[in-house]
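Heads up, the thing below is written out as structure tokens.
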Amino acid sequence: MKPKPLSLDFDWDWLIILDACRYDYFKRLWRRGKVEPRVSPSSCTIGFLEWLRPIPSSIVVTGHPFVLARRDKFTEIIDAGFDYKLNSCPPWYVSRALRHNYGRILRFKHKVLWFLQPHHPHIGDPRLDAGIFKDVRTRELSPQIRTTLLFMKAKREGILSKSYESNLRLVLRELERILPLLEGKVVITSDHGEGLGEPLRPQDKPVFSHPCGRYEWEVRLVPFTVLRVG
């Protein structure tokens, strides 16, 4: 059975996006409620943001540079910060921003927490230093080919899936810590999957990282789960 396309056109209170989160890894690790597969509208964040309709009465907490630039999609944006040593926004930055701005966030109907993990760089153990920026001083983005080659090298060395899973576990642990702060209908999903050289369909070629404009399920199949909390 073909999975349903991802849709956010229903009533929710909290939307949690785990950037570049694969359905198969999330389903294996998540222990709360039913997890279903959805087909993302894009294989990269840029395409997902183009697809995303402006969300009324919304606030997003994130350190994702692409999301921070899309003020046309959200009523208000809180910058959770960026760790230039890690070349990422670690999950605890988002949690910290949530706690520090909790009262302000609750004033909005639609509350979005956009975590960068499990998106590279993989900051767990083993680490994979495939940072968002090629040069953190100039904020020059890493070219796709560099990330792809780093992923292919890590695959040959046998650490790619381990580093990705470790990165996912980091954000899932953080998510467990903040769930008691949330109330109402909570949706957890992703903007796109991740290419780890592990095709999810026999007809698909292996993908590394998540280039835009791809249709393989590795980069399109995302988790979707709804929780009622509080």
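The values are calculated or read from the model by the stated rules, or taken from the named source; none is laboratory data. In this text, all values refer to a predicted model and were calculated from it rather than measured experimentally. Cβ: placed from backbone, ideal geometry, glycine included. Neighbour counts: every protein chain shown.
Across the range 176-222, the qualifying residues are those that are within 15 Å of the chain's Cα centre (by Cα) and assigned to a helix (DSSP H, G or I), and the one among them that is farthest from PHE151 (Cα to Cα) is ARG220.
Hey, does the range 112-127 have a residue that's of a type outside the set (Lys, Arg), modelled with pLDDT under 90 and touching an Asp or Glu at 6+ places or on another chain (Cβ under 9 Å)? I'd like the intermediate steps shown before the answer.
Of the range 112-127, the ones of a type outside the set (Lys, Arg) are 112-126.
Those left that are additionally modelled with pLDDT under 90: none.
No, the range 112-127 contains no residue that is of a type outside the set (Lys, Arg), modelled with pLDDT under 90 and touching an Asp or Glu at 6+ places or on another chain (Cβ under 9 Å).
Here's a check for you: in the range 84-94, which residue that is under 17 Å from the mean Cα position of the chain (by Cα) and surrounded by fewer than 20 Cβ atoms within 10 Å (Cβ to Cβ) is nearest to LEU15 (Cα to Cα)?
Keep residues of the range 84-94 that are under 17 Å from the mean Cα position of the chain (by Cα), which gives 86-94.
Retained after the next criterion (residues that are surrounded by fewer than 20 Cβ atoms within 10 Å (Cβ to Cβ)): 86-87, 92.
Working: LEU86: 25, ASN87: 24, TRP92: 17 Å.
Among those that are under 17 Å from the mean Cα position of the chain (by Cα) and surrounded by fewer than 20 Cβ atoms within 10 Å (Cβ to Cβ), it is TRP92.
Checking each residue in the range 128-164 for being buried (at least 20 other Cβ atoms within 10 Å of the Cβ) and within 18 Å of the chain's Cα centre (by Cα) picks out LEU128, ALA130, GLY131, ILE132, THR147, PHE151, LEU160, SER163, TYR164. So in the range 1-11, with the set limited to residues that are under 18 Å from the mean Cα position of the chain (by Cα) and touching a residue at least 40 places away in the same chain (Cβ under 8 Å), which one is surrounded by the fewest Cβ atoms within 10 Å (Cβ to Cβ)? Filtering first and then ranking leaves LEU8.
One residue alone among ILE77, ILE17, ILE55 is β-branched (Val, Ile, Thr) and more than 18 Å from LEU116 (Cβ to Cβ), and that residue is ILE55. Give the residue that is modelled with the highest pLDDT, with candidates limited to residues of the range 128-142 that are in a loop (DSSP other than H, G, I, E, B) and at negative phi. Going through the qualifying residues, I end up with ASP129. Against the definition (loosely packed, with under 14 Cβ neighbours inside 10 Å and not in a helix (DSSP H, G or I)), how does ARG173 come out, yes or no? Judged against the criteria, ARG173 is not a match.
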